[in-house]
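Below: the structure, in structure tokens.
FYI, it's all coordinate maths here, none of it is from the lab. If you're wondering where the values come from, they're calculated on a predicted model, not measured in any experiment. All Cβ positions, glycine included, derive from the backbone under ideal geometry; neighbour counts span all protein chains shown.
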Amino acid sequence: LSGSRQSGSSSAGSRSVVGEEDSRGGGATAAEGDGEYEAGEEVEAADKRRSSQYRGVTKHRRSGRWEAHIWVKDIGRQVYLGGYEDEDHAAEAYDVAALKCKGIKGVRTNFSLTRYYSLLPSLEAISLEELIMAVRRQSQGFSRGSSTYRGVTAHPSGRWESRIGIPGSKHIYLGLYENERDAAAAYDKSLVRLRGSAAATNFSLSEYRAELAEYHTFQQAVLLRDQRISFVTKPGQDFEKWIKAGFKAFPNLAGAPVAAAG
């Protein structure tokens, strides 16, 4: 592939993982060689700072950005997939390339394969080189913020990814969308469920009456200490489901807090 970066390039500024062959648990490797070299404390500390929890991802020493690489067996070379501000985005870039190179059977990705099911037809329709170039272009978009909407970034697949940040917690992934506006609306709906009329939405709050009603119903239940909804208020998967879909995720609870509120 033209423009690919190989391991040990002086422009990379850091050692790169080469995919499944020598990446254990998605983290970056330390000094390469036959295992007889022992790094000093400073080198070990530097390697730790540049390591990642994800397969195929390393942190660039100078820029601080997260770089994604993958080893392409057919060409016997490591291929550069771009540099990202967000570590998760770099991990997703690796996953998409891994699915293209190795197929869905037996591939080891950073995130659940269900996240990429909708992308599989598109991956089959393009060449590996086209995918690599598209992913690199998207990485440039990530560094610029790429979207005019809050909570939206360009995804390596060419779609739009929506995420919402929870105070004192992680970002919650809201999905991939063909349309940038749909991704922004998904962010807005989740934010309204979280903050009500105080939400700084992309579009007019009048478009989210249903989500506002859910917010007030939820707050009523919390104030009344309604035990039927208490499990949703705690950080975890149920809370994330609530943020994403509201009462649609819990049909048995719809209306219950209203009854409790009288």
Answer in debye to the nearest 20: the dipole magnitude of the stretch 152-239 about its Cα centre, from +1 Lys/Arg and -1 Asp/Glu charges placed on Cβ, is 320 debye
Quick calc, R150 & H216: beta-carbon distance into FRET formula, R0 30 Å, rounding 0.05, result 0.85
HN-Hα couplings for the stretch 209-226 via Karplus (6.51, -1.76, 1.60; θ = phi - 60°), in whole Hz with x for Gly/Pro, come out as 4, 5, 5, 5, 4, 4, 4, 5, 4, 5, 5, 4, 4, 5, 5, 7, 6, 5
Contour minus Cα-Cα span, S197 to D74, at 0.36 nm per residue, comes to 38.8 nm
Once both label points are put 7 Å beyond Cα along the C-beta direction, the S230-N179 separation in nm becomes 4.2 nm
If R0 = 30 Å, then V107 and E85, at their Cβ-Cβ distance, give a FRET efficiency to the nearest 0.05 of 0.70
Protection proxy (average C-beta count within 10 Å per residue), highest first, orders 67-75, 186-194 as 186-194, 67-75
